[in-house]
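Asks: This is the structure, below, for whatever I ask next.
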Amino acid sequence: MFMLVFYPNLRVAIAYHHGTGAPNDEPKAIEWYKKAVAQNHIEATYDLASCYLIGQCTKPDIEEALKLMDKAAKAGYSNAQFELGTFYNEGIGSIKQDKEEAAKWFKKAASKGHIRAKEMIA
């Protein structure tokens with residue numbers, strides 16, 4: 001219930017995205033994710049970046065995904081830090097491959113307990 005009170009836009013987005021508690025409606029999910037992002041909700045920023053990255057609920061947009069993932073990573077969201085590390089590790093979109101930058105982001109995520117990030121720096 002705590003999440004519903006303080007993060008209603010994200011909860012509505014997830015409901016439309018996954019069809020839980022609301023009919024599955026991908027355009028509405030994106031609309032609600034954007035509302036949550038506008039309120040600086042970091043988990044929503046990560047979720048929207050993921051949608052753009054793989055083209056879920058919307059057309060793929062790698063550059064928008066990178067911009068949002070960077071924002072969530074810089075705000076300290078460990079999943080986004082791991083993903084940003086992956087982007088640098090592989091070289092995705094406008095991000096050029098940079099193993100040192102990748103390691104920096106993996107270390108940040110690992111310091112917050114992110115299991116896959118720990119594996120990347122082991």
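Each reported figure results from applying straightforward, stated rules to the coordinates on display, with no laboratory input. This structure is a prediction, so every number in the text was calculated from the model and none was measured. We place every Cβ from the backbone using ideal geometry, glycine too, and count neighbours over all the protein chains shown.
Asks: Evaluate the Debye formula for the chain with equal point scatterers sitting on the alpha carbons, no solvent, and hand back log10 of I(q)/I(0) at q = 0.14, 0.23 Å⁻¹, in q order, two decimals.
Replies: The computed values of log10 I(q)/I(0) come out as -0.60, -1.20.
Asks: Over 25 Å between Cα atoms: which of 28/108; 34/67; 35/99 fall into that group? Intermediate results must be reported in sequence, preceding the final value.
Replies: Working: 28/108 33 Å; 34/67 14 Å; 35/99 34 Å.
Where the Cα-Cα span goes over 25 Å, the pairs concerned are 28/108; 35/99.
Asks: Check the straight Cα-Cα distances from residue 112 and name the lysines below 18 Å, setting aside those fewer than 8 residues away within the same chain.
Replies: Cross-link targets: 71, 74, 104.
Asks: Which one of 72, 62, 117 has its Cα pushed farthest toward the positive end of the charge dipole of the range 42-122, where Lys and Arg give +1 and Asp and Glu give -1 at the Cβ?
Replies: 117
Asks: Which ³J(HN,Hα) values, rounded to whole Hz and listed in residue order, are derived for the range 55-68 from phi using the Karplus coefficients 6.51, -1.76 and 1.60 in 6.51 cos²θ - 1.76 cosθ + 1.60 with θ = phi - 60°, glycine and proline given as x?
Replies: With the stated coefficients, the range 55-68 comes to x, 9, 6, 7, 5, x, 8, 4, 5, 5, 4, 5, 4, 5 Hz.
Asks: Treat the range 42-92 as a sphere of radius equal to its Kirkwood radius over Cα pairs and apply Stokes-Einstein at 20 °C in a medium of 1.002 mPa s; give the translational diffusion coefficient in µm²/s, rounded to a whole number.
Replies: On the way: Rh = 10.4 Å.
Value of D from the Cα-based Kirkwood radius: 207 µm²/s.
Asks: State, in angstrom, two size descriptors of the range 18-74 derived from its alpha carbons: Rg to one decimal place and Dmax to the nearest whole number.
Replies: In order Rg, Dmax, the Cα atoms of the range 18-74 give 10.9, 33 Å.
Asks: When the helices in the chain are scored as -39500 (n - 2.57) per DSSP H run of 4 or longer and the sum is shared across all residues, what 222 nm value do you end up with, to the nearest 500 deg cm²/dmol? Kindly include the intermediate steps, with their values, before the conclusion.
Replies: Working: 8 runs with 87 residues, N = 122.
Theoretical 222 nm ellipticity from helices: -21500 deg cm²/dmol.
Asks: Could I ask something else about it? Can you give the charge dipole size of the chain about its Cα centre, rounded to the nearest 20 debye, using +1 on the beta carbon of Lys and Arg and -1 on the beta carbon of Asp and Glu?
Replies: Working: 16 positive and 15 negative charges, 79 e Å.
Taking the Cα centre of the chain as origin, the dipole is about 380 debye.
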